[in-house]
Amino acid sequence: MAVKLPIYMDHNATTPVAPEVFEAMRPYFGERFGNPASGSHRFGWTAEAAVAVAREQVARLIGAQPEEIVFTSGATESDNLAIKGVAQAYRDRGMHLVTAWFEHHAVLDPCQRLEREGFEVTYLPVDREGLVDPDDVQRAITPRTVLVSIMLANNEIGTIQPLQEIGRICKTRGVLLHSDAVQGVGKIPVDVNALGVDLLSLTAHKFYGPKGVGALYVRSENPRVRLVAQMDGGGHERGRRSGTLNVPGIVGLGKACELAGQLLDAEGPRLTALRERLWAGIRARLTDVHLNGHPARRLPGTLHVRFEGADGQALLAALSDVALSATSACSSGSGEPSHVLRALGLPAALALASVRFGLGRGNTEAEVDYVCDRLAQEVARLRASGVQPAAPAVRAGE
Ligand code: PLP
């Protein structure tokens with residue numbers, strides 16, 4: 001079957017807005033333009049009602065209560081609000097946080113800022129398959145620890161963390177647990193109570209919603225989590241995030257949550273089957289290919305592969321009709337192996353020979369087969385040319 005080019009296989013970076021989401025948002029750019037904080041007229045009430053529906057839609061997808069949802073500009077803001085907001089609110093209790101080396105920079109950088117302000121942060125390692133050991137979390141917690149932040153699923157290799165176990169440990173030790181669940185929400189079932197998380201970040205553009213809008217879940221009972229707002233102003237979102245609400249974006253986020261909830265049962269197995277077809281197709285055509293990440297505990301649509309002897313960037317350039325990436329969108333183009341692959345202990349040359357495939361709603365078997373054929377051609381050509389991944393002047397694990 002003929003495929004339409006170019007093929008998009010970079011859904012971990014972002015996803016297209018679903019047509020249903022776009023249609024739901026449209027009136028809020030037009031006649032329903034009101035400000036939800038305008039309590040004196042129907043323009044405001046209409047907007048407020050739409051935000052209330054969206055809050056319920058988001059809450060339902062993750063098993064939360066609507067009042068536990070704080071709308072933000074995306075996961076970077078949600079992560080910052082969770083980490084700095086909790087650290088500042090509980091600083092009298094202790095100034096120690098625990099996270100892992102392979103977190104997204106939206107988690108690592110706020111932690112590093114807190115360190116400059118006098119907080120102490122423990123960065124846990126991950127094993128070769130990208131898993132945090134819950135025993136390491138147990139050992140890292142001290143009487144001064146106020147927050148543990150561990151992502152649900154990694155954006156590069158897709159490894160799904162044992163969050164439930166980590167949640168139990170945090171609960172027993174009386175420490176709050178935050179999770180950057182950006183790559184998991186909408187792709188795998190997420191329930192804040194089953195996972196035992198107290199704060200959870202999500203962003204619409206990773207599951208067919210618009211860019212620039214996200215949410216932070218903040219537990220309201222057992223325990224009631226306190227936060228210091230990072231954006232001061234009109235006291236929106238119960239004082240936790242000031243700023244006029246992005247009503248069209250929030251409506252889109254809500255619709256994207258509703259849609260993801262409806263499609264989850266069908267899309268999960270479909271994407272897992274496509275991912276396995278891709279991996280089997282690559283192995284059938286090429287030798288010296290290896291999986292990065294965990295073989296089983298993995299996001300349905302994520303495949304991260306090392307093509308030994310082929311430079312990842314050169315491969316991406318050669319595959320100009322397929323949108324793939326070698327690392328996260330934020331780190332791509334730096335020419336250095338990502339901190340995630342280095343955290344796995346991969347030598348720089350092998351990390352640089354790696355490519356991430358992010359399958360999503362639009363991808364088909366015919367596209368997967370096409371990509372396998374093109375990969376086979378281009379990897380063989382690159383290997384024959386003798387151009388090796390150029391190891392930069394950094395040591396793995398540095
Ligand atoms: N956290 C993870 C794991 C991500 O993959 C991303 C992706 O961009 C972010 C945070 C940042 O999200 P946003 O683009 O909404 O700020």
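The values are calculated or read from the model by the stated rules, or taken from the named source; none is laboratory data. It should be emphasised that the depicted structure is a prediction, and the values quoted were computed from it without experimental measurement. We place every Cβ from the backbone using ideal geometry, glycine too, and count neighbours over all the protein chains shown. Calculation scope for accessible area: heavy atoms of the full protein, side chains included, ligands and nucleic acids excluded. Shrake-Rupley method; radii C 1.70, N 1.55, O 1.52, S 1.80 Å.
The conditions of being within 11 Å of the ligand (Cβ to nearest atom) and polar (S, T, N, Q) are met by N154.
Residues considered: A266, A314, A296, A280. Of these, the only one that is in contact with an Asp or Glu (Cβ under 9 Å, 6 or more places away or on another chain) and hydrophobic (A, V, I, L, M, F, W, C) is A314. Just the residues that are open to solvent by 10 Å² or more (accessible area, probe 1.4 Å) and in a loop (DSSP other than H, G, I, E, B), please, taken from region 360-374. Those that are open to solvent by 10 Å² or more (accessible area, probe 1.4 Å) and in a loop (DSSP other than H, G, I, E, B): R361, G362, T364.
Exactly one residue out of V289, V251 is under 30 Å from G30 (Cβ atoms) and among the hydrophobic types (A, V, I, L, M, F, W, C), and it is V251. Every condition in (1) within 15 Å of the ligand (Cβ to nearest atom); (2) under 26 Å from R238 (Cβ atoms); (3) of a type outside the set (D, E) holds for L108 except the one numbered (2).
Residue count for region 21-39 satisfying the condition of being open to solvent by 100 Å² or more (accessible area, probe 1.4 Å) and over 24 Å from G186 (Cβ atoms): 2.
Rundown of residues vs (1) open to solvent by less than 10 Å² (accessible area, probe 1.4 Å); (2) not assigned by TED's automatic domain parsing to the domain that holds R356, yes/no style:
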{"residue": "L245", "(1), (2)": "no, yes"}
{"residue": "L253", "(1), (2)": "yes, yes"}
{"residue": "A273", "(1), (2)": "no, no"}
{"residue": "E276", "(1), (2)": "no, no"}
{"residue": "W279", "(1), (2)": "no, no"}
{"residue": "L286", "(1), (2)": "no, no"}
{"residue": "H290", "(1), (2)": "no, no"}
{"residue": "P295", "(1), (2)": "no, no"}
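Within region 297-330, the set of residues being within 16 Å of the ligand (Cβ to nearest atom), crowded, with 20+ Cβ neighbours inside 10 Å and modelled with pLDDT under 90 comprises A326, T327. Residue pairs whose Cβ atoms lie under 6 Å apart, sitting 6 or more positions apart in sequence or on different chains, and linking a residue in region 136-162 that is of a type in the set (D, E, K, R) to a partner that is in a loop (DSSP other than H, G, I, E, B) and away from the ligand (no atom under 16 Å from the Cβ), are R144/G94.
Just to be sure before I move on: is R168 over 13 Å from the mean Cα position of the chain (by Cα), more than 22 Å from C257 (Cβ to Cβ) and at pLDDT below 95 in the structure I sent? So R168 does not fit the description; no.
Can you work out which of the residues in region 175-189 that are touching a Cys at 6+ places or on another chain (Cβ under 9 Å) and open to solvent by 10 Å² or more (accessible area, probe 1.4 Å) is farthest from the ligand (Cβ to nearest atom)? Taking the candidates together, the pick is L176. Screening region 190-243 for residues that are among the basic types (K, R) and either at negative phi or not assigned by TED's automatic domain parsing to the domain that holds S73 (or both) and picking the one that is most open to solvent (accessible area, probe 1.4 Å) gives R224.
Which of the residues spanning region 27-65 are over 15 Å from H236 (Cβ atoms) and of a type in the set (S, T, N, Q)? Result: S40, T46, Q57, Q65.
Condition check ((1) in contact (Cβ under 8 Å) with a residue 60 or more places away in the chain; (2) under 13 Å from V182 (Cβ atoms)) across all residues:
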residue	(1), (2)
F207	yes, yes
G214	yes, yes
E221	no, no
R241	yes, no
G249	yes, no
G252	yes, no
L259	yes, no
L263	yes, no
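Please give the number of the condition A75 fails out of (1) farther than 30 Å from E31 by Cα; (2) within 16 Å of the ligand (Cβ to nearest atom). The failed condition is (1). Here is the figure for region 106-137: residues that are crowded, with 16+ Cβ neighbours inside 10 Å and either assigned to a helix (DSSP H, G or I) or among the polar types (S, T, N, Q) (or both) total 10.
Restricting region 60-75 to residues that are part of a helix (DSSP H, G or I) and touching a residue at least 40 places away in the same chain (Cβ under 8 Å), the residue that is surrounded by the fewest Cβ atoms within 10 Å (Cβ to Cβ) is E67. Residues that are basic (K, R) and either closer than 23 Å to F357 by Cα or in contact with a strand residue (DSSP E or B) (Cβ under 6 Å, 6 or more places away or on another chain) (or both): does region 201-218 have at least one? Yes.
Which of the residues spanning region 156-174 are open to solvent by less than 10 Å² (accessible area, probe 1.4 Å) and outside any helix (DSSP H, G or I)? Passing the criteria: E156, I157, G158, T159, Q161. Go through region 86-105 residue by residue and tally those that are more than 16 Å from the ligand (Cβ to nearest atom), in contact (Cβ under 8 Å) with a residue 60 or more places away in the chain and either open to solvent by 40 Å² or more (accessible area, probe 1.4 Å) or part of a helix (DSSP H, G or I) (or both). Residues meeting the conditions: 4.
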